[in-house]
Amino acid sequence: MTSLRKLREKYLAGEKLVVLTGYDALMSSLLAEAGVDVILVGDSLSNVIAGYPNTLPVNMEQMLWHVQMTVRGAKGTPVIADMPFLSYEVSTEQALVNAGRFIKEAGADAVKLEGGRSAYPVIQALTAAHIPVCGHVGLQPQSVLTTGGYSVQGRTEEEAARIKADALAVQEAGAFAVVLEMVPAKLAEEITASLKIPTIGIGAGPHCSGQVLVTQDLLGMTEAKLKIAKRYAELRREALEALTNYVSDVKEGRTPSEENSF
Ligand code: KIV
């Protein structure tokens with residue numbers, strides 16, 4: 001049974017789905033051992049790993065490199081590759097070629113792309129080519145230049161209706177799941193109840209079929225404390241403490257000791 005079929009069975013059985021981001025083999029091996037259902041190589045690696053201010057600069061070659069690393073560590077856990085900005089908007093043909101590269105060259109199980117009704121033709125073309133697609137509606141970080149920020153979407157009736165129509169379009173186009181980002185919990189609950197594919201929420205409350213977060217946020221590795229991400233560890237603080245101790249130990253001759261020497 002393919003890993004995505006297993007995912008569908010879990011969804012149909014009412015099991016909550018756990019999706020976390022991974023960008024390399026070290027992290028994906030930890031995620032696999034922890035039992036996450038899906039690893040997402042998000043274009044968020046642009047901010048989280050590469051230090052850019054948003055997700056726009058990361059390109060296909062960089063994403064491919066990270067998807068390859070992630071698949072190597074994933075131990076069979078399904079991996080979704082995020083399609084970077086302008087890798088699927090220019091033409092359906094280009095979207096097919098780029099999505100195909102994630103499958104053929106990097107070993108991804110599926111791709112994710114942003115957009116609701118506007119993404120319908122691309123999602124339809126990819127699924128017709130047997131490439132599983134996860135949609136992404138609500139807040140779409142790749143649209144930041146036109147939307148102007150990262151605020152909660154769907155607070156007005158009009159906006160909520162637009163997001164519902166987007167989620168439905170993604171399903172109708174053939175996607176196997178849809179990410180709902182930064183929408184009110186009530187709206188996410190309504191969308192989840194109305195769809196026949198799983199919703200994966202981020203900042204979308206507890207009623208989605210599953211949850212996705214940036215792993216570095218929940219591990220406390222990133223500086224900003226986000227309302228949407230409970231921190232399960234404070235690894236940045238611990239790492240900083242360890243590194244500072246190492247610096248002073250070397251400066252003052254406490255390491256390497258005899259134990260660390262030949
Ligand atoms: O790029 C990303 O990490 C994402 C998720 C957080 C949904 O798109």
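The values are calculated or read from the model by the stated rules, or taken from the named source; none is laboratory data. The model shown is predicted, which means the values in this text are computed figures rather than measured ones. Here the Cβ is made from the backbone with ideal geometry for all residues, glycine too, and neighbour counts use every protein chain on show.
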Has the stretch 183-200 got any residue that is within 16 Å of the ligand (Cβ to nearest atom), modelled with pLDDT of 95 or more, within 22 Å of the chain's Cα centre (by Cα) and under 27 Å from Leu26 (Cα atoms)?
yes
In the stretch 155-262, which helices (runs of 4 or more DSSP H) lie fully inside it and hold 1 or more residues that are in contact with a Leu (Cβ under 8 Å, 6 or more places away or on another chain) and buried (at least 21 other Cβ atoms within 10 Å of the Cβ)?
157-173, 185-194, 215-218
Whether any residue in the stretch 66-75 is at positive phi and more than 17 Å from the chain's Cα centre (by Cα) is what I want to check.
yes
So, Ala169, is that one more than 16 Å from the ligand (Cβ to nearest atom) and either in the same structural domain as Ala13 (by TED's automatic domain parsing) or under 21 Å from Asp37 (Cβ atoms) (or both) or not?
yes
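Within the stretch 201-217, track down each residue that is away from the ligand (no atom under 13 Å from the Cβ) and in contact with a strand residue (DSSP E or B) (Cβ under 7 Å, 6 or more places away or on another chain). Break it down into steps so the answer makes sense when it comes.
Here is the first cut: in the stretch 201-217, the ones away from the ligand (no atom under 13 Å from the Cβ) are 205-207, 209.
Of everything in the stretch 201-217, just one residue is away from the ligand (no atom under 13 Å from the Cβ) and in contact with a strand residue (DSSP E or B) (Cβ under 7 Å, 6 or more places away or on another chain), namely Ser209.
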Residue satisfying condition, being within 16 Å of the ligand (Cβ to nearest atom) and out of contact with any helix residue (DSSP H, G or I) (no Cβ under 8 Å at 6 or more places or on another chain), within set Asn54, Asn59
Asn59
Which of the residues spanning the stretch 218-258 are within 12 Å of the ligand (Cβ to nearest atom) and either outside the structural domain of Val19 (by TED's automatic domain parsing) or under 26 Å from Lys10 (Cα atoms) (or both)?
Leu218, Ile228, Ala229
Asn47 being under 22 Å from Glu181 (Cβ atoms) and in contact (Cβ under 8 Å) with a residue 40 or more places away in the chain
no
Residues to consider are Glu105, Glu93; find the one that is free of Cβ contacts under 8 Å to residues at least 40 places away in the same chain and either in contact with a helix residue (DSSP H, G or I) (Cβ under 7 Å, 6 or more places away or on another chain) or away from the ligand (no atom under 16 Å from the Cβ) (or both).
Glu93
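Considering the stretch 97-132 alone, what residues qualify as being within 20 Å of Leu56 (Cα to Cα) and crowded, with 17+ Cβ neighbours inside 10 Å?
Within the stretch 97-132, the first condition is being within 20 Å of Leu56 (Cα to Cα), and the residues that meet it are 97-99, 101-102, 111-116, 118-119, 122.
Hits for the stretch 97-132 are Asn98, Ala99, Arg101, Phe102, Val111, Lys112, Leu113, Glu114, Gly115, Gly116, Ala119, Val122.
Only one of Phe262, Phe176 is on the phi < 0 side of the Ramachandran plot, of a type in the set (A, V, I, L, M, F, W, C) and touching a residue at least 40 places away in the same chain (Cβ under 8 Å). Can you tell me which? Steps first, please.
On the way: Phe262 fails: touching a residue at least 40 places away in the same chain (Cβ under 8 Å).
Criteria check complete, one pass: Phe176.
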Scanning the stretch 3-22 for residues that are touching a residue at least 60 places away in the same chain (Cβ under 8 Å) and touching an Asp or Glu at 6+ places or on another chain (Cβ under 8 Å), which turns out nearest to the ligand (Cβ to nearest atom)?
Val19
